[in-house]
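Presented below is the structure to which this report refers.
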Amino acid sequence: MNKRILPLALFLCSVLGHIMAQTPDSLSVITRSTMLGIGPTKVLDTYLSDEHFSGTGLTFLTTVERQRPHSRWSTLMEHEANVSLTKDRNKQQQELEGAYNFYWGRLYGWKLLNDKLHLQAGGLVNASLGFIYNTSNSNNPAQARVHINLMPTGVASYDFTIRRMACRVRYELSLPLAGITFSPNYGQSYYELFSRGNYDHNIVPTTFVSAPEWRHVLTIDTQLSRGLTLRFGYLGNMQQQKVNNLRQHVYTHRFLVGLTKRFSIVKR
């Protein structure tokens, strides 16, 4: 029996030693933030109405950033869900707007000023699915919003202390480069498109000229405990497009509050 136990014990000790001796490169440091925001929304969609609509909306935003120690590359993933209720200038019509935006990308980083300033640059892929519904229209009451964009992105964050409290300010900016979008053509109904199959240039390539967009996020973190941080911020997402002789823009401004947690995962 002892002859069987001794090799097993040696094997378990070697495995344990390998786990304890892992290098920092086998770790993944994950920063996860969950925030809820409220603020004004402005909507224009000439397929539904030539009127400008404005109102208030809610946004749920989660951000996950994964990075290995001693690596300058990080992976950024964001989920942004938005819903707004808007009215025209005469308060006669209403439009309900909603959208889900998924962002995924890679960023390359530099640390400056004794690691207090962190700069990142890279690109995100944005996949968006949404709608605009006009409660007053009998024909063509709704408009679908579908697009995929490639967005160059830059991030700057700075660490500082206030009365021994660790804080961080972070700014993220994303701009469109190129993509594709869905849009009915001018005067084309969804019945023609989906029931009769009358395709009329409905999948449209876009650039920063035909579909400009400006998305930026400014946040301030204050540490509550080890690994848990209170986050305040602002999210501005200005999406526009002019395709098929139709104009559309959705401008959202949100004041955010939420929590941020940082933890590590060991890859064995």
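Some points to look at:
- On the stretch given as the range 233-246, residues that are touching a Leu at 6+ places or on another chain (Cβ under 7 Å) and loosely packed, with under 14 Cβ neighbours inside 10 Å total 0.
- Count - residues of the range 26-76 that are closer than 24 Å to Arg89 by Cα, among the small types (Gly, Ala, Ser) and part of a loop (DSSP other than H, G, I, E, B): 0
- Residue pairs whose Cβ atoms lie under 8 Å apart, sitting 6 or more positions apart in sequence or on different chains, and linking a residue in the range 42-67 that is in contact (Cβ under 8 Å) with a residue 40 or more places away in the chain and of a type outside the set (Phe, Trp, Tyr) to a partner that is crowded, with 17+ Cβ neighbours inside 10 Å and part of a loop (DSSP other than H, G, I, E, B), are Ser49/Gln93; Glu51/Gln93.
Residues checked against (1) farther than 19 Å from Gln241 by Cα; (2) assigned to a strand (DSSP E or B); (3) not small (Gly, Ala, Ser):
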| position | (1), (2), (3) |
| --- | --- |
| Leu85 | yes, yes, yes |
| Glu95 | no, yes, yes |
| Gly98 | no, yes, no |
| Asn101 | no, yes, yes |
| His118 | yes, yes, yes |
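- Members of the range 82-109 found to be open to solvent by 10 Å² or more (accessible area, probe 1.4 Å) and under 22 Å from the mean Cα position of the chain (by Cα), listed by number: Asn82, Val83, Leu85, Leu96, Ala99, Tyr100, Phe102, Trp104, Arg106, Tyr108
- Single residue of the range 155-164 satisfying the filter (open to solvent by 20 Å² or more (accessible area, probe 1.4 Å) and in contact with a strand residue (DSSP E or B) (Cβ under 6 Å, 6 or more places away or on another chain)) that is nearest to Arg106 (Cα to Cα): Ala156
- Test for Arg72: is it farther than 18 Å from Arg231 by Cβ, at pLDDT 95 or above, within 22 Å of the chain's Cα centre (by Cα) and of a type in the set (Lys, Arg): no
- Test result for Pro152, in contact with a strand residue (DSSP E or B) (Cβ under 6 Å, 6 or more places away or on another chain), loosely packed, with under 12 Cβ neighbours inside 10 Å and in a strand (DSSP E or B): no
- Output for the range 247-268, where each listed residue is at pLDDT below 95 and either among the acidic types (Asp, Glu) or buried (at least 18 other Cβ atoms within 10 Å of the Cβ) (or both): Thr260
- Some residue of the range 195-202 being at pLDDT below 95 and either aliphatic (A, V, I, L, M) or under 24 Å from Arg68 (Cα atoms) (or both): no
- Selected residue (criterion: farthest from Arg163 (Cα to Cα)) from residues of the range 182-217 that are of a type in the set (A, V, I, L, M) and either open to solvent by 80 Å² or more (accessible area, probe 1.4 Å) or in contact with a helix residue (DSSP H, G or I) (Cβ under 8 Å, 6 or more places away or on another chain) (or both): Ile203
- Which numbered condition Leu230 fails, given (1) in contact (Cβ under 8 Å) with a residue 24 or more places away in the chain; (2) part of a strand (DSSP E or B); (3) open to solvent by less than 40 Å² (accessible area, probe 1.4 Å): (3)
- Failed item, numbered, when Pro152 is tested on (1) at pLDDT below 90; (2) closer than 22 Å to Leu117 by Cα: (1)
The values are calculated or read from the model by the stated rules, or taken from the named source; none is laboratory data. Here the structure is a predicted model, which is why all the values come from computation and not from measurement. Positions of Cβ are generated from backbone atoms using ideal geometry, with glycine treated the same way; all protein chains shown enter the neighbour counts. In case anyone asks, the SASA skips ligands and DNA or RNA and just uses the protein heavy atoms, side chains included. Shrake-Rupley method; radii C 1.70, N 1.55, O 1.52, S 1.80 Å.
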